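Student: Pasting a structure here, questions to come.
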Amino acid sequence: LEPGCTTLDLFARLRDLPCPALLQSHGLDHPESAIDVLAADPAMLVTYADGMLEVGPHKIATADPVRALKQVLPVADQHPTFRHGFIGSFGYDLAIDRRPGQRRPPDPTPLPAIAGGVYDWSIVVDNRRRETRLHWREGTPTQRLDAVLERLYRPARALHSFRIGPTFDSEWSLADYARAFDR
């Protein structure tokens, strides 16, 4: 890669692949925040909504999606830095769903409570050591890895600026949110 290539430069080269993921640290000021992880084009998508967990082609009806997800996902390797596996988000709804008797407000977003993917390769940028490595799960087709490498060595198109269009109105007051958060 060219000198001075940043994590965001690499992400710009991968962003048009399906489900790109970027876990970016805050830089070198914090002892635990020197690693950035990029991945895209997951081997399987993972979602949970309305009591249904979907992991690739598998559909599991469950009220405890976190437990079910642990049972069906491949066991991660024990390396201290992410190499391959699940990257995704877990919504606040999961905490509300699991408390008996908790009244659940209507969700104004169309997002599933769990959304992510199982990635069979990643790019790990170690900002301290100034190293960038491509990691992959054993058995990942070489043509997939070759396609990733080809993208990394070609110039990226310019990133467009990002804006959130409409304003967002909270259904909770700041005081109610703080109380719920503290609970």
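The values are calculated or read from the model by the stated rules, or taken from the named source; none is laboratory data. Treat the numbers as computed from the prediction; the structure is a model and nothing was measured. So basically every Cβ, Gly included, is an ideal-geometry build from the backbone, and we count neighbours across all protein chains shown.
Student: Across the range 79-114, what is the number of residues that are modelled with pLDDT under 75 and over 22 Å from Leu145 (Cα atoms)?
Tutor: 17
Student: Determine whether Val124 is at pLDDT 90 or above and touching a strand residue (DSSP E or B) at 6+ places or on another chain (Cβ under 8 Å).
Tutor: The answer is yes for Val124.
Student: Return yes or no: is Gly117 out of contact with any His (no Cβ under 8 Å at 6 or more places or on another chain) and modelled with pLDDT of 90 or more?
Tutor: Considered against the rule, which asks whether it is out of contact with any His (no Cβ under 8 Å at 6 or more places or on another chain) and modelled with pLDDT of 90 or more, Gly117 comes out as yes.
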